[in-house]
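The values are calculated or read from the model by the stated rules, or taken from the named source; none is laboratory data. Values in this document were obtained by computation on a predicted structure and should not be read as measured data. As a convention, Cβ positions derive from the backbone with ideal geometry for all residues, glycine included, and neighbour counts pool all protein chains shown.
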Amino acid sequence: MGDSSFGKDFCITIFGESHGSAIGTVVDGCSAGLRLSTDDFQAELERRIPTDPTLTSTRRERDEVQILSGVFEGYTTGAPVAMLTWNRDVRSQDYEELRFLTRPGHADYPMRLKYGGFNDFRGGGIASGRLTVPLIMAGTIAKKLLRLVGINVFAHTIQIHTVKMERKLSLEATRQNAYTNSVRCADAETAEKMREAILKARSQGDSVGGIVECIAENVPPGIGDPFFDGLDADLAKIIFSIPAVKGFEVGLGFGSSAIQGSENNDQYAVQEGKIVTLTNNAGGILGGLSNGMPIIVRAAFKPPSSIAKEQKTVNLKEMEGTTVQVTGRHDPCVVPKAVPVVEATVAIVLADHCLRSGKIPRVIGKKEIV
Ligand SMILES: Cc1cc2nc3c(=O)[nH]c(=O)nc-3n(C[C@H](O)[C@H](O)[C@H](O)COP(=O)(O)O)c2cc1C
C-alpha cells in the first residue's frame, strides 16, 4: 500500500495537488449494489464551503465530481470507484514569489527537503486543504454504506480561537442545528461570536484555529481490530492526516488524566435489554473496540499559517534571512471547511471496520435479471 492510501477492506487512495489539473480518489472495496450518483457527491461537497464568503479563502472551485469507474446503471459494481474533480480556479502566479521563501508554519521547507525540490509547491502542492476534497468524496460512499446498517456520523464546531461552545445540546439538536450557520456550531449565539473571532483575525492579517467534534451513533459493539488497527488508532491516523490537525482525543481524552479512576470509569447498566454505560468518558471505544455507546472524537486545528502579517523567514536560494507576507487567497480559519472533512474521515474508518467484521455486506441485495 502506498503513502497516499488508507484502509484495508474499504481502501482509499487520494491523488492530486492544489494547483495540478485535478484531484480525486479511488475507493477499492466498496460493496456492489450501492445506489450511487454524482448528486450524492455534490451534496456533500457543497457542505464543505460555508455560505458566508468572508470566512474563507476567495478561491472558488465548483467541484463537479466525475465518476470514472465502478458504477453501472446507477449502482456500484464492486470494482474500484474512481472519481475526480478538475482544479479550475488556480492563480499559480501568487506562489511564484514563494518559490524560495519558505512560509513559517507551512510545509514548504520539509517538503522541499524530502522531495529534492521536485515537489509542486504551488498552493502547498499535496500539503493543501484542497486534498480534503477527495476525503469527502470517499466519505460520501462510506456514509452511504454506514446508513445501510443504521450508523450515523456527524460533526460540528465546538471551539474557534478562545470562543467555546458551552451550551449542552442533545445529539439530535446538535445534528439539526450545526449546519444552520457558516461556522457549523449548533448554538446560534456562540456561532456569531465564533464568526466575529474569525473576522477579527482576518482584519488583522492573522488567522485562528479551533476544535471539531465528531459523533458516530449506533455503532455496534465489538468493531475494531486491535492491536494496531484498533478503532481509536485508525481514527487518530486518518484525522492526523488532515492538514492543520495538531490534536486528537477520544471521549474525555486529555481530561481523563486529571481525574480518578472512579470518576473516569463508565459504569454499566442494562436499559431495555441492552448493556449501556451511565457516562461516556471513553467516547464509545475501549481496547480499540466499539462498546456500543456513541463514538465521540475531537480534532484540534491550528491557525492556518499563510497570513498577511509580516514574519521572518529565509530565502533558500540566497540562504539569507528575509521577511514574508503571504498575500494569496487563504482561509483565516480552516475549521468551517474542516467539519465535513472530519465527518468523512470518521465514516471512512467505520466503513472499513464494518466491512472487515462483516457488518456491512459485500453485495447489497440482488439485481433483477430482466
Ligand atoms: C480545509 C483546509 C483548508 C486549509 N486552508 C489553508 C489556507 O488557506 N492557508 C494555509 O496556510 N493553510 C491552510 N490549511 C492548512 C495547511 O494545509 C497545513 O497547515 C499545511 O499542509 C501544513 O501541515 P500541518 O499544519 O498539518 O503541519 C488548510 C487545511 C484544511 C484542512
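Restricting the search to strands (runs of 3 or more DSSP E) fully inside the range 1-80 and requiring at least 2 residues that are under 17 Å from the mean Cα position of the chain (by Cα) gives 11-16, 22-28.
If I filter the range 90-109 for residues that are more than 13 Å from the ligand (Cβ to nearest atom), among the β-branched types (Val, Ile, Thr) and over 25 Å from Pro303 (Cα atoms), do I get at least one hit? No.
Inclusion of Arg202 among residues that are at negative phi and of a type outside the set (Ser, Thr, Tyr) is warranted. Taking every residue in the range 237-254 that is over 15 Å from Ser128 (Cα atoms) and pairing it with any residue that is modelled with pLDDT under 95 and within 12 Å of the ligand (Cβ to nearest atom), at least 6 positions away or on another chain, yields no pair with a Cβ-Cβ distance below 8 Å.
Hey, among the residues in the range 277-303 that are part of a loop (DSSP other than H, G, I, E, B) and within 16 Å of the ligand (Cβ to nearest atom), which one's surrounded by the fewest Cβ atoms within 10 Å (Cβ to Cβ)?
Kept after step one, since they are part of a loop (DSSP other than H, G, I, E, B), are these residues of the range 277-303: 278-284, 287-288, 291-294, 302-303.
Filter again for within 16 Å of the ligand (Cβ to nearest atom), leaving 302-303.
Values: Lys302: 16, Pro303: 20.
Restricting to residues being part of a loop (DSSP other than H, G, I, E, B) and within 16 Å of the ligand (Cβ to nearest atom), the top hit is Lys302.
Cβ-Cβ contacts under 7 Å between residues 6 or more apart (or on different chains), taken from a first residue in the range 67-79 that is more than 15 Å from Asp9 (Cα to Cα) to a second residue that is crowded, with 18+ Cβ neighbours inside 10 Å and polar (S, T, N, Q), are listed as Gly70/Thr76; Thr76/Ser31. Against the list (1) surrounded by fewer than 21 Cβ atoms within 10 Å (Cβ to Cβ); (2) of a type in the set (D, E, K, R); (3) under 19 Å from the mean Cα position of the chain (by Cα); (4) assigned to a helix (DSSP H, G or I), the condition Asp94 fails is (3).
Would you tally the residues in the range 224-265 being surrounded by fewer than 19 Cβ atoms within 10 Å (Cβ to Cβ), away from the ligand (no atom under 16 Å from the Cβ) and over 22 Å from Arg356 (Cα atoms)? Looking only at that region, the number is 13. Kindly establish whether Val326 is within 16 Å of the ligand (Cβ to nearest atom), closer than 30 Å to Phe228 by Cα and touching a residue at least 40 places away in the same chain (Cβ under 8 Å). It is false that Val326 is within 16 Å of the ligand (Cβ to nearest atom), closer than 30 Å to Phe228 by Cα and touching a residue at least 40 places away in the same chain (Cβ under 8 Å).
Is it the case, given these coordinates, that Leu135 is within 15 Å of Arg48 (Cα to Cα), of a type in the set (A, V, I, L, M) and surrounded by fewer than 24 Cβ atoms within 10 Å (Cβ to Cβ)? No; evaluated as a whole, the condition is false for this residue.
Within 16 Å of the ligand (Cβ to nearest atom) and outside any loop (DSSP other than H, G, I, E, B), is that true of Leu113?
Details: within 16 Å of the ligand (Cβ to nearest atom): yes; outside any loop (DSSP other than H, G, I, E, B): yes.
The answer is yes for Leu113.
Scanning the range 338-362 for residues that are in a helix (DSSP H, G or I) and surrounded by fewer than 23 Cβ atoms within 10 Å (Cβ to Cβ) turns up Leu355, Arg356. Return a yes/no flag: does the range 306-320 have any residue that is part of a loop (DSSP other than H, G, I, E, B), surrounded by 22 or more Cβ atoms within 10 Å (Cβ to Cβ) and within 14 Å of the ligand (Cβ to nearest atom). The answer is yes, given that some residue of the range 306-320 is part of a loop (DSSP other than H, G, I, E, B), surrounded by 22 or more Cβ atoms within 10 Å (Cβ to Cβ) and within 14 Å of the ligand (Cβ to nearest atom).
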